[in-house]
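Take a look at the structure below.
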Amino acid sequence: MYRKSIPSWLKHFDFLLLDIMCLHISFFLANYIGDLCRLPFSNQAYLHVSVFITFADLLVHIFFQSFKDVLKRGFYKEFTATIKHVCLFTLIVTFYIFAVFNSESYSKIVIYFMGGIYFVLSFFARVAWKQFAKHSRLGRGKRSLLIVTTKDMVSKVVKAIQNNNYSTFHLAGVAVIDVDMTGKKVRGLEVVANVGNVVNYVCREWVDEIFIDIPEDYPYPSRLVDRFTEMGVVVHTNINSANSKAGHSQIVEKLGPYTVLTTSINFATPLQLFIKRAMDIVGGLVGVIGTGFLFIFLAPMIYIKSPGPIFFKQERVGKNGKKFKMYKFRSMYLDAEERKQELMDENIVSDGMMFKAEWDNRIIGSKILPDGTTKKGIGNFIRDFSLDEFPQFINVLKGDMSLVGTRPPTIDEWEKYELHHRARLAAKPGITGMWQVSGRSKITDFEEVVKLDTQYINQWNIGLDFKILFKTIAVVLKKEGSM
């Protein structure tokens, strides 16, 4: 799943904060000098105007897109863009001052003086911050990008992406598809795959997005694009060599200096992503508080039955193959992972893509009595009511997981994935999801799990997340009522 282009004022929020900071420094200096070097904080008019200028500055940024292509602008374009912004801002503030204040209560000269200082500070702050973004954070973004190209173009394409990256992407590497250059480096970036193993590389490594740029006379790799998209990876193709594909969501946008056709199994708007993340933060905070209360009661019970750590930490595979540590309340004995192999014959998921057993003697307190009957323990209680899941709200706050998503596989499960299985990693993993509320205990076919997770990603919207959350609460309450 891919996010659509973000508005420039939100995308460059760091520049916006820097600009507002310059604005208030300018306003303070203009008032300080204009009032014969006296601190202006006690002046009610000063406080009144300081609130309005912040609001006015935001309006100009939003409606006139002052930061559109800010990272690509040279000194001259930045100079003219800053002048335009400051003039529009000063014009709005001047009209406001003339409408609200009389000449005795507030000096209009202070506003013009502020505009001059604001222009100087803002221009040099933007230039300095762009240099910092370009050189200090290059290649360290939160989205992992793999470049796919040919031998003749590889140096040019890598250089263009590096020079226009500005911390947007973590550059995963290069795949050269016409010759085998695996292991070599191009401008410090490693060639990690060739045409024969690039699909397997994407399936096994952290790759969020792929950029394809090939010569016009080179055959378009439609088969590769199909397989990447089948795995849920976002594919950007240089528009010069793009070939429109039916059945996938596609938009035209900019990636570095290139105009690309972006193909994905679904798109999300910035507003949708903002709401989903806000839900995660609110839900995560509530969940962490709940985890703290549960710890008070569960910790001693767990420790008495099985001395050792209260929390269980396990490496899982998250969105697009990015690994993270997932937290749970420990409901199994310390040697549970070692004993897992002994129980593989009892796995009711026939293809072995997940592990689920009717009875698991690794659970704390569980016993098989001499008469053959089973006795549940504290571990079963924790798992039956999904109390072990509560520490995952920490993962939600960290951004590794979401409230609603797909189940994050373990490393050994992920290593068995076929290409179409990887599509379920196109979204952030969640504490709950489509298949959990569709009869989790009854589903033993992994392909059915993949089908439900892929359906969730294809049909995702905020309303679907709310629906799944309400269903999850209903499932838990129903389980409680049946105990």
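The table below lists the values:
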item	result
Inter-site label distance for D35 and F295 at 7 Å from Cα along Cβ, in nm	4.7
Local net charge near N395, Cβ-Cβ under 11 Å (Lys/Arg +1, Asp/Glu -1)	+3
Subset of K428/K451; K84/K108; K367/K467 violating a 26 Å alpha-carbon distance limit	K367/K467
Spherically averaged projected area of the stretch 359-406 from its Cα convex hull (nm²)	4.2
Relative packing of 317-328, 274-285, which averages over residues the other C-beta atoms within 10 Å, highest first	317-328, 274-285
Beta bridges by DSSP in the stretch 174-298, antiparallel share as percent, to the nearest 5	70
Shape category assigned to the stretch 268-333 from the gyration tensor of Cα positions, a/c cut at 1.5	oblate
Average Cα contact separation per residue, the stretch 148-226, under 8 Å, 6 or more apart, as relative contact order %	32
Nearest-10 value in Å² for the accessible area of T373, using the 1.4 Å probe	60
Carbon/sulfur fraction of accessible area - the stretch 188-326, other protein chains in place, 1.4 Å, %	62
Overall form of the stretch 164-204 per C-alpha gyration tensor (a/c, 1.5; a/b vs b/c)	oblate
Cα gyration tensor shape for the stretch 145-224, rounded if a/c is under 1.5, else prolate or oblate	rounded
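The values are calculated or read from the model by the stated rules, or taken from the named source; none is laboratory data. A quick note: this is a predicted structure, and the numbers were derived from the prediction, not measured. We place every Cβ from the backbone using ideal geometry, glycine too, and count neighbours over all the protein chains shown. These accessible areas exclude ligands, DNA and RNA; they are computed on the full protein's heavy atoms, side chains included. Shrake-Rupley method; radii C 1.70, N 1.55, O 1.52, S 1.80 Å.
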